[in-house]
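The values are calculated or read from the model by the stated rules, or taken from the named source; none is laboratory data. Keep in mind it's a predicted model, so treat the numbers as computed, not measured. We place every Cβ from the backbone using ideal geometry, glycine too, and count neighbours over all the protein chains shown. Side chains included, ligands, DNA and RNA excluded: accessible areas come from the protein's heavy atoms. Shrake-Rupley method; radii C 1.70, N 1.55, O 1.52, S 1.80 Å.
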Amino acid sequence: YRVGFLKTYPIHVHAFSPPEIAHFAQVAGLTTAEVIARLKAAGLDSIPGGGAEILVDEVRRKVSPRKCGADQWLEIMEQAHAQGLKTTATMMFGHEETPAQRLEHLFALRASQDRSGGYTAFIPWTFQPANTAIPARPLGAVEYLRLLAVSRLVLDNIENIQVSWVTMGPKIAQLALFFGGNDFGSTMIEENVVRAAGVSFRLSREEIRRLVQGAGFTPRQRRMDYTLLENA
């Protein structure tokens, strides 16, 4: 039944971050590899890089103590890659971490990609402190663009780096295309996490195309697996 449905409606299911998979495994009494296998059999196509925050346990104990540790986050991603699922990777920075710990995060992802080769893209964004219990100052555009450029240098084995118009707004995202970004993300039907922190940007498909063209680049529409659509 699923096969026939997907032939009619070719939906790519990109869902369940490593902390969620770790939780499923704990509740069900399964290994994380078994959970991934069951999700794949049920139709999961790829896994988002959510819950990475900073991949340093000293930081994670402060900002996300209930989420899986750094090693398990990476292990789950590499298990997914071994089972043929591609994933993205993220970084949320600008809270309890140091600049050195940001680099530790980047080099951990680079080593993981060397081992498994399954990351399609890296997506960094700045922590939005409003309505949270973490006393951090909002990071400015210069700090964001610097991290993006460093990411492009360190992650020479991850082809795509996505700019964050959701947190930085369209103009900074457009500028970020000159600082190592080559992917503008996509439109969204609904977004609640960043909105809860008091930040709300919305872009249509036409606005994204106009921003990319305005920066001097040719926009191309892609699938979730980063293959390009013809004539789009």
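Note on the chain: lysine pairs with Cα distance below 28 Å, sequence gap of 8 or more or different chains, count 5.
If I model a spin label at H12 and S186 as a point 7 Å from the Cα along the Cα→Cβ vector, what separation in nanometres do I get? Placing both labels 7 Å beyond Cα along the Cβ direction yields 0.6 nm. Residue ranges 35-46, 218-229, 203-214 sort as 35-46, 203-214, 218-229 when ordered by packing (mean number of other C-beta atoms within 10 Å per residue, highest first).
Of the solvent-accessible surface of the stretch 46-124, computed with a 1.4 Å probe and all protein chains present, 48% belongs to carbon and sulfur.
Span-like helix criteria (full DSSP H runs; alpha carbon extent of at least 27 Å along the helix axis; mean Kyte-Doolittle hydropathy of at least 1.0) are satisfied in the chain by no helix.
Each of H81, H12 has its accessible area taken with a 1.4 Å probe; listed largest first, they run H12, H81. Averaging the sequence gap over all C-alpha pairs within less than 8 Å and six or more residues apart, then dividing by the number of residues, gives the chain a relative contact order of 14 percent. Of the peptides 60-66, 50-56, 93-99, 82-88, the order by per-residue mean of other Cβ atoms within 10 Å, starting with the highest, comes out as 50-56, 93-99, 82-88, 60-66. When the Cα convex hull of the stretch 2-109 is projected onto planes of every orientation, the mean area is 7.3 nm². Ordered from highest to lowest accessible area with the whole protein assembly present and a 1.4 Å probe, H14, H23, H105 read as H23, H14, H105. Using the Cβ of Q113 as centre and a radius below 11 Å, the other residues enclosed give a net charge of -2, where K and R count +1 and D and E count -1. Here the spin labels are modelled as points 7 Å beyond Cα on the Cα-Cβ line, and at R61 and E230 they lie 5.6 nm apart.
The translational diffusion coefficient of the chain, from Stokes-Einstein at 37 °C and 0.692 mPa s with a Kirkwood hydrodynamic radius over alpha carbon pairs, comes to 177 µm²/s.
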